[in-house]
């Protein structure tokens, strides 16, 4: 198939959730399909990433959208009815680029990534358009609102939530849309009851996140990974350090908490101490998982499913998480993962894993087996291609029916 793939950000380097997902889809879809990638870039330096993407793309078009322009558009959009994140990605040049590409090329599928890019493809005359939402933004905003304390931010979130809840109705204009968990699908059905909403889970690259031999790990090391500019991650870090880590250190004074991720903001860097290590960007995140006794995901709000859980599980590293952090994952508490929503219970799980190597090994092996069975990107992309084919076949049948006239 010939696929037009539209993304709000260039999917390289694949270090954050949205880029990581699209890079893995792109790499695997390119084995059997021809991909034309269209993305925004914020800075000219991002052009240096194109050689890393060209092996997977028949063509790449990028449209500059500097951050100052996005901020200005959000300011102008404060009084409109559209969500601010749609204003953030408004671009006449992107619209012209896509109009020209659609006139000059025939695509079997137009795959739009994230609801903020809907304005560019919703009106394109094409029989097969799919929308990859990953998660329901309105669900994320609802949960964010319950945690936010700043009155001004609460007001902005409330306004954005109202706008997004209306805007999500547009998913009905696409032949199908994808989310990665059942709670996200249920949320979207409130705004778009007529939409065809399917679950395509997030996955993990098992060719990289795999471990077949015993590894010497540090028994006192706890690791947290993720995009450190993402509000649920920042909240989770502060929650863990303030309410959970002190309970762990009462039992294990040598415990150290590693915060691993690119671009930690000043408030996260300020947490660094003898017991809290903020690494910033690391080349090989796999080694931080393997050297840790346990990975944690103390997330208290958000939507979708989390790489910070799938990756360590794939390596056989036990994970302790909140129920919010495991939402959408087919894992069982006490068998493949440990789940707790209260600080004392969370700390008890971490302590047990750190103190009991045999239990740690058993839990890790069961988690690894589960992820390998259900969350391999290769299998997920095979399922996605089957959906493409199913929808394309439906369109062919519909076109034949529309041209058929009964004999007289």
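The values are calculated or read from the model by the stated rules, or taken from the named source; none is laboratory data. Computed from a predicted structure; not experimentally measured. Here the Cβ positions follow ideal geometry from the backbone for every residue, glycine too, while neighbour counts run over all protein chains shown.
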Residues that are within 20 Å of residue 94 (Cβ to Cβ) and surrounded by 19 or more Cβ atoms within 10 Å (Cβ to Cβ), drawn from segment 20-48
22, 26, 35, 37, 38, 39, 40
Selected residue (only one of 110, 122 is surrounded by fewer than 16 Cβ atoms within 10 Å (Cβ to Cβ), touching a residue at least 12 places away in the same chain (Cβ under 8 Å), touching a helix residue (DSSP H, G or I) at 6+ places or on another chain (Cβ under 6 Å) and not assigned by TED's automatic domain parsing to the domain that holds residue 329)
122
For residue 117, all conditions in the list (1) in contact with a helix residue (DSSP H, G or I) (Cβ under 7 Å, 6 or more places away or on another chain); (2) assigned to a helix (DSSP H, G or I) hold save one; what is the number of the exception?
(1)
Is it true that residue 391 is part of a helix (DSSP H, G or I), in contact with a strand residue (DSSP E or B) (Cβ under 8 Å, 6 or more places away or on another chain), outside the structural domain of residue 135 (by TED's automatic domain parsing) and surrounded by 13 or more Cβ atoms within 10 Å (Cβ to Cβ)?
no
Select from segment 349-371 the residues that are surrounded by fewer than 17 Cβ atoms within 10 Å (Cβ to Cβ) and within 29 Å of the chain's Cα centre (by Cα) and write down the one among them that is nearest to residue 208 (Cα to Cα).
369
Given (1) within 18 Å of the chain's Cα centre (by Cα); (2) modelled with pLDDT of 95 or more, residue 120 misses just (1)
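Before we move on, is residue 212 out of contact with any helix residue (DSSP H, G or I) (no Cβ under 9 Å at 6 or more places or on another chain), surrounded by 15 or more Cβ atoms within 10 Å (Cβ to Cβ) and at pLDDT below 90?
Taking the combined requirement at face value, the residue does not satisfy it.
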Does residue 258 satisfy the condition of being in contact with a strand residue (DSSP E or B) (Cβ under 7 Å, 6 or more places away or on another chain), surrounded by fewer than 24 Cβ atoms within 10 Å (Cβ to Cβ) and within 28 Å of residue 181 (Cα to Cα)?
no
Being in contact (Cβ under 8 Å) with a residue 12 or more places away in the chain, closer than 19 Å to residue 388 by Cβ and surrounded by fewer than 20 Cβ atoms within 10 Å (Cβ to Cβ) narrows it down to one residue among 91, 102, 70; which is it?
102
Quick check: anything in segment 18-29 within 22 Å of residue 167 (Cα to Cα) and touching a helix residue (DSSP H, G or I) at 6+ places or on another chain (Cβ under 8 Å)?
no
State which residue is nearest to residue 216 (Cα to Cα) when the search covers only segment 330-371 and only residues that are assigned to a loop (DSSP other than H, G, I, E, B) and in contact with a helix residue (DSSP H, G or I) (Cβ under 7 Å, 6 or more places away or on another chain).
336
All but one of (1) in contact with a helix residue (DSSP H, G or I) (Cβ under 6 Å, 6 or more places away or on another chain); (2) without any contact (Cβ under 8 Å) to a residue 12 or more places away in the chain hold for residue 75, so report the exception by its number.
(1)
Which numbered condition residue 125 fails, given (1) farther than 22 Å from residue 191 by Cβ; (2) at pLDDT below 95; (3) within 25 Å of the chain's Cα centre (by Cα):
(3)
Restrict the check to segment 77-88 and report whether at least one residue is surrounded by 15 or more Cβ atoms within 10 Å (Cβ to Cβ), touching a strand residue (DSSP E or B) at 6+ places or on another chain (Cβ under 9 Å) and either modelled with pLDDT of 95 or more or in a helix (DSSP H, G or I) (or both).
no
Got a sec? Which strands (runs of 3 or more DSSP E) wholly within segment 1-65 have at least 2 residues that are assigned by TED's automatic domain parsing to the domain that holds residue 132, modelled with pLDDT under 95 and on the phi > 0 side of the Ramachandran plot?
none
Note on residue 190: of the conditions (1) in contact with a helix residue (DSSP H, G or I) (Cβ under 7 Å, 6 or more places away or on another chain); (2) assigned by TED's automatic domain parsing to the domain that holds residue 19, unmet is (1)
